[in-house]
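The values are calculated or read from the model by the stated rules, or taken from the named source; none is laboratory data. Note that the structure is predicted; figures quoted are calculated from it, not measured. Using ideal geometry, Cβ is built from the backbone for each residue, glycine included, and neighbour counts are taken over all protein chains shown.
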Amino acid sequence: MVTQQRCGSASASKSITFTPTNAGTYTFTLTGDITDYDTDENIDISKSCVITVKEKEVEQPPESQNPSNPGGESQTPNPEVKNEVIPQDNPQTQEPEQPKQTKSQNNHLSSLVVNDGVIDLQLKQTKTEKDGFNRDVEDYTVIFADSYNFEDLKSLTVKANAEDSKAKISGTGNYTINEGDNTIEVKCTAEDGKVKTYRIKVTKPIVIKKSELKLDKLEISYMNSDGQKIPLILDNLFSSDTFEYTADINSETKSIFLKLDTPKVKEKDIIVKVKGKEISRDLEGNLNEEEINLEDGKNTIRISLISPLDESVQTDYVLTFNKEAVTLETSAEVSENKKDSKTINPLIILGVIVGIIVFLLIVLIILLIINHRRNKKAEKNNTKDDEKLFDYEEEDTYLNEENLEKLNETYTNKINEKEDIEELNKLMEQEDDSDKNLNQEENKEITDYELASSKTREEKLAQLEKEIKEKNKRKITKTKEKDDSNKDEKKEDNKDN
């Protein structure tokens, strides 16, 4: 096979002839130098030519067209193949370099929309902004109508267009929307590689449902007589889905202790109230133990679990405790107590009453005898006492109202003693008829003496009071005169000075 290829330009060409031995690809490199026409500068050049040689396909004639070869053997001609090598353009002529094109730097979006709600600027810069979009603002939020049902907001589709057709957009499409804040980023990449990121904030309100407000733990205990807490057994085992419990409490139990626990719902603590009072939490977020006082009879305790986001959402657990008012007795004990109360109790009560009466009578008799003896001694000493009392008026002093009251008390007590003696004598007359006459004589003597002495004393007291007042007046007058004279003397002394 002979292949001929022309390399170079038509104006200056060279011919190379070669004969390939086999079919295949051959590379020829031409090197040399050329002189620039304007600058006369020699430039080294190097050009390569690639020649591919293939076997020539020969069509075989059909059998009917080759009668001279009945055996079906065809004669394949072997013509010589000439491949002409055409030189490339003249390497001495070089085309001028084309200026490089500048790549676009436009990475702005022309529109940004969502399929639900309306995109709005987080911070509006001008009042003339349309459709809530500005190519130069990167942060946006999605707003919804007041009547919008956020339970339907499960996904959101974002669409965007670029200002430059050569720019590339990423981040569009469908997004799942969860409760709370969701951020969607849409990126616009310019032809030169610069990226602009647009951020869309979608807020779905967090909603806590009533079915999520449940107790994790409910433990109830009471204090026994040894000061130990004993677990209280309810009618049903605790379950977060069982909302009513009852228990019977004995009469000795005054209070119970509640230990509660709740899970976090949407990363928030549930508000817990017992009988309308909110239960506080410790530093670790656990509910503090609550003590509840019990009354006799039926006690109803309501535990309310309230949503921290909406107080109208609430779940209630109701506890009912039946406290005995009195410790119950067995039927045998009740019957025995009834028999004892009919036979023994009245006799005991009657005996106690009789004993008290006898004791009081003995005490009264003893007091009567003691008073009787004291009265006899008092008769002898009364005269001396009167003389001592009334000797006081001979002194150069005067009695004040306090001392006068003390004197009145003394005589009043004497009269009261007389009255007490009369009452005691009456009692004695009822208890002891044998001493009746004797008591009457003694009482008569005492009464006569007391009446005479009390009358005399009253007269003397009145006279003494009158004299004391006159003495006080005289002393006050004298004291006044002395004070006036002292004042006159001081005035004269002051004049002399």
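Couple of notes before you dig in:
- Among the residues of segment 371-386, those identified as modelled with pLDDT under 80 and either polar (S, T, N, Q) or surrounded by 15 or more Cβ atoms within 10 Å (Cβ to Cβ) (or both) are 378, 381, 382, 383.
- Meets criteria (in contact (Cβ under 8 Å) with a residue 40 or more places away in the chain and not in a loop (DSSP other than H, G, I, E, B)) for residue 309: no
- Looking only at residues of segment 166-215 that are assigned to a loop (DSSP other than H, G, I, E, B) and within 24 Å of residue 146 (Cβ to Cβ), we find that the one that is farthest from the chain's Cα centre (by Cα) is 177.
- Against the test of being under 17 Å from the mean Cα position of the chain (by Cα), at pLDDT below 90 and at negative phi, the options 260, 283, 309 yield a single qualifying residue, 309.
- Total residues in segment 145-165, condition polar (S, T, N, Q), surrounded by 13 or more Cβ atoms within 10 Å (Cβ to Cβ) and in a loop (DSSP other than H, G, I, E, B): 0
- Close pairs from segment 96-114: first in a loop (DSSP other than H, G, I, E, B), partner exposed (fewer than 10 other Cβ atoms within 10 Å of the Cβ) and modelled with pLDDT of 90 or more, Cβ under 8 Å, at least 6 apart: 108/136
- Here residue 219 meets the list (1) closer than 30 Å to residue 304 by Cβ; (2) assigned to a loop (DSSP other than H, G, I, E, B) almost entirely, failing just condition (2).
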